[in-house]
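Below: one structure, written as structure tokens.
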Amino acid sequence: MVGGTVTEQQCILLLDDDNEFRALLGAVLSARGFEVLDAASAGDATALLLDESPDLVIVDGLLPDQPGVEWIESIRQHDPDTLIVFLSAFWRDLETFQRLTQELNVSLVAYKPIEPLVFAETIGQLLQRQPKASESVRPTVSGTPANPPDTLRARMAQLREAYTLELPEKLEQLEALIDKARTQPELTKEASSTAHRLRGTAGAYGFKLVGVLAGQIEDLLAEYQSSPLRVRRNLWTEVSRALEDARLAAQPQASTPRADLASVDSVSAGTILFVDDDPDVRRTATLFLRKQLLEVCVASSAPEALHKAASIKLAAAIVDVHMDGMNGFDLCRELRDLPGKGSLPLVLMSADQGLETRVASTQVGASLFIEKPLREDLLSLAVQQIMDEASARRGRVLILEDDPDFSSHAELLLQANEIDTRAIATPAELPATLEEFRPDLLLLDLDLPNTSGVDVCKALRLSVQWQTLPILMITATIDDDTRIEAFRAGANDFISKPVLEEEFNARVDVQLMHARLLQERAERDPLSGLMLRRPFLEALEQRLSEAHRNETPLAAAIIDIDHFKQVNDGFGHAYGDAVIAGLGRLLRHRFRHEDLRCRWGGEEFVVVLPGQKADLLERALGRVLTEFSEMRFEASDHTTFTVTASAGVAALPEDGLSAHALIRRADQRLYRSK
């Protein structure tokens, strides 16, 4: 075979009854070099398996002729090894999840809507980790990919445009089926299946809110189907309202006013995990939160909550303090210990309004505490506050681009992900805007009037202040020489016009993540994970200004590890470091996101609680220091030892009005306590 070498092309069978979903995901997988077979029913897929030998099978959970789980079970009776990925548009219970992953050897359980490019990347990694035997691999010629990036962009754009045009008709069909189901309950299943397909596919085409609303409709139809003779009073009103909202959300993004976009697509910020063992409370809270167009995931037990939290992007968790057989405080600690969830915003609920409960809530890091029985207004305010905090942490992006149409489009994409944006058209505006806006990322057009983006990039890399600012270069020119020139100038990444939405979002997210990592390294002590003294003092001054302005309390404490020199001298500095890291970990996980925690120096730490009085901080610290004293550290000879710590507390305004005065007073009380 002349002109190329033989490489291994892997085959994927995609089983889903939604034609649009198969077309979109199939196009993305094909562009990555996979051979894609597709089937719309379990029967068709079984026939394909007899004729072909796919390396991986993607199975939807709800098929027209058989549930996906049952089909997987039948396949596993004669094929125990083929990689299987299970897709579902709604949450399965923990028992089903364990059955899929443990008994049926399913490699991945994923939930719609998916981001096609990200999902395809995950599939590629899965196949790389678990390759099949060589006899199942099909040879093909390497060289030009089957679908180069430009072809993929064009194909996805065509699919999205077609779906956008067809979506209003799909919603009309759903409405017609619902109208028939109201008088003919036996037709409810067809209406529910239509809503299910929208629930799983609309988000993949960029209509996330339509998917959320279709999910609400599917859930309401399931409630009706279970008891068609005893229909809840407002059920059909809720269905009609969700349909109307879906119609509005189905309008193309370009017609959505920029100022309203972030509020329309709130689901992009993540899912709210709601944990309570009372089914009535879970149902009430779900209705409350969905009125705000938020994605909600409920759990009735700690194992279920931890399983769901580990597999999705969470905006926050709302947890009941007192549940049968489960301690809400312990669950909060375990949630914060999950990978990537160390700063997860927490809201605790309880009918017990006592000080002890509130102190314990502060200790596990809860941002808010709300009383039960739940009130819609209080729950709405609590969720809005934590979502606002999450939005504030998303980052700031500055766009330097002379094409106003592109700038507007980029701002819409960024604001849909709750990223703060600023757009300028000329390099002359850049210095002042950088100082005022202080972005986390710069989107820089390569072809600017009277200058080059490459020259702008070089100038920024000569600035001490901005030499580490991530820069994403954008241009319609895609030749290799241009890319190399941009990277040599100091660009972090490169994307070509016209931008593909999924790729654009992914590249921006990566650069913002790198920016956060750089900031963490500059502001945090690597051993304890807490703030260093300089950024801590800057943050404390801001909190003090807010407290003075709003006349609210503030409490501060200094913590000192007792007899720390003896630990270093007796066991070695490596074990002293382990002690510091242990206390730092406790302080990171046992307070709220907005509380300040700092490694002051050596074995001293400072904690500041805005909005709280000294007695609450004393109680919270008492619990933390007790927990610290119970930690066991292992020495080189495998013996274990424990360490204690002491603290002194000061409060605003009783003990001073400045940071210096508060810390000095807390320090005095610390040494009196020793």
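The values are calculated or read from the model by the stated rules, or taken from the named source; none is laboratory data. Keep in mind that what you see is a predicted model, and the values were worked out from it rather than measured. Here Cβ is always computed from backbone atoms with ideal geometry, including for glycine, and neighbour counts include all displayed protein chains.
State whether the residues of the range 21-39 include one that is within 29 Å of the chain's Cα centre (by Cα) and more than 23 Å from Q158 (Cβ to Cβ).
no
Being out of contact with any Gly (no Cβ under 9 Å at 6 or more places or on another chain) and over 22 Å from A620 (Cβ atoms) is the filter; apply it to the range 551-564 and report the residue that is modelled with the highest pLDDT.
Once the filter is applied, the top-ranked residue is H563.
Quick test of your reading of the structure: S53 fulfils all but one of (1) part of a loop (DSSP other than H, G, I, E, B); (2) at pLDDT 85 or above; (3) within 30 Å of T271 (Cα to Cα). Name the failing condition by number.
(3)
Report every pair of residues separated by at least 6 positions or lying on different chains whose Cβ atoms are under 7 Å apart, first residue within the range 273-287 and within 14 Å of I318 (Cα to Cα) and at pLDDT 85 or above, second surrounded by fewer than 18 Cβ atoms within 10 Å (Cβ to Cβ) and acidic (D, E).
Here the result reads D277/D324, each pair linking the range 273-287 to a residue that is surrounded by fewer than 18 Cβ atoms within 10 Å (Cβ to Cβ) and acidic (D, E).
One line per residue, one yes/no per condition, for (1) part of a loop (DSSP other than H, G, I, E, B); (2) acidic (D, E):
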position: L29; (1), (2): no, no
position: D38; (1), (2): no, yes
position: A45; (1), (2): no, no
position: V57; (1), (2): no, no
position: P64; (1), (2): yes, no
position: P80; (1), (2): yes, no
position: Q102; (1), (2): no, no
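What is the one condition in (1) part of a loop (DSSP other than H, G, I, E, B); (2) among the charged types (D, E, K, R); (3) touching an Asp or Glu at 6+ places or on another chain (Cβ under 9 Å) that K180 does not satisfy?
So the condition that K180 fails would be (1).
Restricting attention to the range 404-432, which residues are surrounded by fewer than 16 Cβ atoms within 10 Å (Cβ to Cβ) and out of contact with any Pro (no Cβ under 8 Å at 6 or more places or on another chain)?
Once the filter is applied, which keeps residues that are surrounded by fewer than 16 Cβ atoms within 10 Å (Cβ to Cβ) and out of contact with any Pro (no Cβ under 8 Å at 6 or more places or on another chain), the range 404-432 yields P404, D405, S408, A428, E429, P431, A432.
Would you please name the residue that is farthest from L400 (Cα to Cα), looking only at residues in the range 415-440 that are in contact (Cβ under 8 Å) with a residue 60 or more places away in the chain and of a type in the set (A, V, I, L, M)?
A416
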